[in-house]
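Remarks on the structure that follows.
The values are calculated or read from the model by the stated rules, or taken from the named source; none is laboratory data. Worth saying up front: this structure is predicted, and the values here are computed from it rather than measured. Glycine gets a Cβ as well: all are built from the backbone with ideal geometry, and neighbour counts include every protein chain shown.
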Amino acid sequence: MAPPETLNLNNEVVKMRKDVKRIRVLVIRKLVRSVSRLKTKKGTEDALLKNQRRAQRLLEEIHAMKELKPDVVTKSALSDDTNFEKVCKKPDSTATERAIARLAVHPLLKKKIDTLKVSFFRSSRELAPKSKTPGFQQSEPQTKNQCNTRKQRTLDNARLQLPLHPSWEASRRQKEQQSKIPVFQGKKITFDD
């Protein structure tokens, strides 16, 4: 991946096209299975009508997904934190909005979008000039030597002392106890025969 200074968001969006297309295929397959399952369900007439309406809505989403451009999905996922449940609960949401939201919250795409957000927006924050808002202390501009390096960041993260898994904590305590075993400082006794 390019260094954060030269990272171009548009190039990253273009690189995501293949992933969005793959995820779109996966989601469409899942929706087709859901539609067929809803159509074969049995029950009361009300339940059957409800299942038919739900299947029709899912079919509309499938058709909307097929017409979507991958860049639209990536840009909308980058622009805001979309929540599929909120979009579905809106009574005036369109099939296209639901399709974009469904694709944007897919775990594979969400993971890549989050890493892209972190790398791009962190670099843009570092390059952006500091605001002169009253009430905030403004620090001196950082020189190259003062910037956090990757090694310093990992050391800082290690110092945070996040809670460890109990087995890791036990092995850490055991190592500490082994290092505290005192070295023998007595005299060596030899017996003459």
Test: residue 116 is modelled with pLDDT of 80 or more and out of contact with any Ser or Thr (no Cβ under 6 Å at 6 or more places or on another chain): yes
Any residue at all in region 72-87 that's in a helix (DSSP H, G or I), within 17 Å of residue 16 (Cα to Cα), over 18 Å from the mean Cα position of the chain (by Cα) and hydrophobic (A, V, I, L, M, F, W, C)? yes
Please identify the pairs in which a residue from region 56-82 that is polar (S, T, N, Q) has its Cβ atom under 9 Å from the Cβ atom of a residue that is not in a helix (DSSP H, G or I), counting only partners at least 6 apart or on another chain. 74/16; 76/82; 82/105
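Looking at region 39-62, is at least one residue within 18 Å of residue 18 (Cβ to Cβ) and assigned by TED's automatic domain parsing to the domain that holds residue 13? Let's see the steps before the verdict.
Keep residues of region 39-62 that are within 18 Å of residue 18 (Cβ to Cβ), which gives none.
No, because not a single residue in region 39-62 is within 18 Å of residue 18 (Cβ to Cβ) and assigned by TED's automatic domain parsing to the domain that holds residue 13.
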Residue 78 passes all but one of the listed conditions (1) in contact with a helix residue (DSSP H, G or I) (Cβ under 8 Å, 6 or more places away or on another chain); (2) surrounded by fewer than 16 Cβ atoms within 10 Å (Cβ to Cβ); the exception is number (2)
Cβ pairs under 6 Å, 6+ apart, first in region 102-122 and more than 30 Å from residue 57 (Cα to Cα), second outside any helix (DSSP H, G or I) and modelled with pLDDT under 80: 120/7
